[in-house]
Amino acid sequence: MVDELNVPKHVIILGAGPAGLAVGHEFTVQGGRVTVLERNPYVGGLCVTVQDQGYKFDIGGHRWFTKNEHLNNWFRRLMEGEIVMVERISRIYHHGKFFNYPIAFGDVIKNTDPLTVLHAGFSFLWVTLQQSVSPKDIRNMRDAYVAQFGVKLYEMFFEQYSEKVWGKPCEELSSDWVSQRSKGLSVFSLVKNALLSPKQKAVSLIEEFMYPRDGYVRIPERMAEDIVKAGSTVKLNSAVTRIVYHGPNDFEVFYGEGESAGSVRGDAIVSTIPLGHLARFMEPACAPEVIEAARRLKFRDLVTINLRLKKKQVTPDTWLYVQDRSIIFGRIHEPKNWSKAMVPDDEHTSLVLECFCTRGDDIWSLSDEEIAQRCVDALADKLKFIDRSEVVGFQAVRTIQAYPVYDMDYQDNIATVMSFLNTLKGVHIVGRGGTFRYNNADHSIEMGLLLGRKLLGYNVDHMSVNTESTYQEIIKEGETITRDHYSASDAPAKKSKTIVVD
Ligand SMILES: Cc1cc2nc3c(=O)[nH]c(=O)nc-3n(C[C@H](O)[C@H](O)[C@H](O)COP(=O)(O)OP(=O)(O)OC[C@H]3O[C@@H](n4cnc5c(N)ncnc54)[C@H](O)[C@@H]3O)c2cc1C
């Protein structure tokens, strides 16, 4: 049943990333009114694509992937005429060698000495035996990886990369990230995957994905275009600074500074800004213990070096994961391998080098030139991918709040913050930083579409997204996931009183 009586008249959406725009898209397509406030001079959040002298760069390659066919259909409608298909080729660079990912048996044997192969095999068998006889408590990220892959494979393929991404030892990180990202991805399934023909695979990792031809930002841009077309507002350069709660369903949001400062009043708030910030922006202010918990919800930041090259192609990879601690970047992608439209002509290519860091740390404090120089040195001297003379130029992009850090206390801190926010009628959270959940863009969009429908009075639960118990990339034979129907052709008509929830 649709509860039309409580549909808000004016929804204020904080943040114009995929989540906020998806809420606005769904709500306005069906006649609602929103104002979206965004601190940046562009829409897209982490899904922005920056341009530099005819080249286009995502903040780290963003692929579209979801197991939800309704969401795929929604995506195809939104991006009609702009989608290209990309073949996935991923590799891991470890100890000077390249390993295919998913793991290919021949590769491991070719690239590793027999003693290491035996060591990996025995440590995996040992942990499998141990877990089936007397399962050990999984207390942290290290425990979770070891329980799944054994100590040796953890040390070879997960330890260094995880510590690069998170900037902490795996013992100080929650196991939740591992269960979200690799549950069901056992050594057995990977080995089986490597041995079986594509037809025989019961469990497979996706090998092809959809991508917007001119960069991932086209997805948020398309949503923003529709919101504005529907008569609502997307205000850029409008950082939210405080939110006054006048009472149930009555908010005033202050944004911007100086001459461009302003405020807007509405009867519902949808927040995609970092969860801890939302709590701290609220007036009347929350209790000191809530403020403390809010401060403890930390993010990891990112510097990406966008390198322009006079070269046709560097590698055929979609992604290359780089483990060695001595190399400043953790991941590379070559935009031209995703879409030819990402480079000005076929004689040139480019690379995006992801350097994970925290504002103020050793990497963040380096100048753009120093970071770029270290990237070029590693590419030329260690990976042997380029010659220095092929570098045409670079651009550094500094991105804050890129990764919510699942430390050992994050769930308690979220619970404390939520105990305060839940007392404010009309506040809704959604998205990656907004819910402090390690969302992909499709999760944030799906959550947003569902929240849009919830605001329209439908009985749906947007918080159920990205809580599946198996790794999102694994497709089991015959599996289809459907949560809801989204707007346009498969949505019920606006005034319909019923909704099908699969
Ligand atoms: C390197 C990297 C690679 C990734 N690769 C993939 C991929 O391949 N596939 C995939 O699906 N996902 C990928 N992701 C994840 C994807 O980027 C996020 O899931 C998605 O952007 C989350 O959308 P969101 O709207 O929830 O949050 P965000 O994109 O973070 O949007 C939040 C918005 O709120 C704004 N904001 C914050 N504070 C304020 C304020 N005070 N006032 C106003 N506005 C504010 C921000 O500027 C931002 O625009 C990747 C992420 C990174 C960092």
Inset, instruction - Calculate one ³J(HN,Hα) per residue across region 28-38 by plugging θ = phi - 60° into the Karplus curve 6.51 cos²θ - 1.76 cosθ + 1.60, and present them in order as whole Hz with x for glycine and proline. - result: 7, 4, 9, x, x, 10, 9, 10, 9, 10, 10
Inset, instruction - Using the Cα centre as the reference, give the magnitude of the dipole from point charges on the C-beta atoms of the chain (Lys, Arg: +1; Asp, Glu: -1; all else neutral), rounded to the nearest 20 debye. - result: 560
Inset, instruction - Order by neighbour count: 174, 238, 90, fewest other Cβ atoms within 10 Å first, most last. - result: 90, 174, 238
Inset, instruction - Find out how many positive minus negative residues lie around residue 61, taking Lys and Arg as positive, Asp and Glu as negative, among other residues whose Cβ is under 12 Å from that of residue 61. - result: +1
Inset, instruction - Determine the alpha carbon to alpha carbon distance for each of 56/311; 311/340; 56/310; 97/298 and list only those over 25 Å. - result: 97/298
Inset, instruction - Just grab the label-to-label distance for residue 438 and residue 422, each label 7 Å out from Cα along the Cβ direction, in nm (one decimal). - result: 2.5
Legend entry - Stretch gain in nm, segment residue 85-residue 415, where the contour uses 0.36 nm per residue and the Cα spacing is subtracted: 114.7 nm
Inset, instruction - Before anything else, pin down the relative contact order of region 282-341: Cα pairs under 8 Å, at least 6 apart, normalised by residue count, whole percent. - result: 24
Legend entry - Mean Cα-pair separation over length for region 246-305, i.e. relative contact order, pairs under 8 Å, 6 or more apart, %: 22
Legend entry - Translational diffusion of the chain, µm² s⁻¹ [Kirkwood Rh, Cα pairs; Stokes-Einstein; 4 °C; 1.567 mPa s]: 54
Inset, instruction - Would you grab the residues whose amide H sits under 5 Å from the one on residue 394? Only those 5+ places off in sequence or on another chain, please, with H modelled 1.01 Å from N. - result: 308
Legend entry - Two-site label geometry, residue 384 and residue 283: point separation in nm, points 7 Å out along Cα→Cβ: 6.3
Inset, instruction - State the extension gain, in nm to one decimal, for the chain segment bounded by residue 130 and residue 116, taking 0.36 nm per residue of separation less the distance between their alpha-carbons. - result: 3.0 nm
Inset, instruction - Could you please report the charge total around residue 325, scoring K, R as +1 and D, E as -1 over all other residues with beta-carbon less than 11 angstrom from its beta-carbon? - result: -2
Legend entry - Likely footprinting exposure, 303, 11, fewest C-beta neighbours within 10 Å first: 303, 11
Inset, instruction - Which order do the peptides 305-311, 66-72, 135-141, 429-435 take when ranked by the mean count of other beta-carbon atoms within 10 Å per residue, highest first? - result: 429-435, 305-311, 66-72, 135-141
Inset, instruction - Note down the relative contact order for the chain as a percent, whole number, built from C-alpha pairs under 8 angstrom at least six residues apart. - result: 27
Inset, instruction - Please turn the phi angles of region 135-150 into ³J(HN,Hα) values with the Karplus equation 6.51 cos²θ - 1.76 cosθ + 1.60 (θ = phi - 60°), one per residue in order, whole Hz, x for glycine and proline. - result: x, 7, 5, 8, 9, 8, 4, 4, 4, 5, 5, 4, 4, 8, 10, x
Legend entry - Rounded Å value of the spacing that divides the Cα centres of region 421-459 and region 342-392: 36
Legend entry - Highest average packing first - 13-21, 55-63, 349-357, Cβ atoms within 10 Å: 13-21, 349-357, 55-63
Inset, instruction - With a 10 Å radius around each residue's Cβ, average the other Cβ atoms per peptide and rank 241-250, 267-276, 414-423, highest first. - result: 267-276, 414-423, 241-250
Legend entry - C-alpha center-to-center spacing [region 271-293, region 1-52] in angstrom: 21
Legend entry - residue 407 long-range amide H proximity, modeled H, under 5 Å: 174
Inset, instruction - Pop a pseudo-label 7 angstrom from the Cα along the beta-carbon direction at both residue 310 and residue 365 and give the gap in nm to one decimal. - result: 3.7
Inset, instruction - May I ask for the Kirkwood hydrodynamic radius of region 299-404, worked out over all distinct Cα pairs and given in angstroms to one decimal? - result: 14.0
Legend entry - Fully extended contour minus Cα-Cα distance, from residue 168 to residue 69, at 0.36 nm per residue: 32.0 nm
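Since every read-out is calculated from the coordinates, none of them should be taken as a lab result. Everything numeric in this text was worked out from a predicted model, so none of it was measured. FYI the Cβ positions are ideal-geometry reconstructions off the backbone, even for glycines, and counts take in every protein chain you see.
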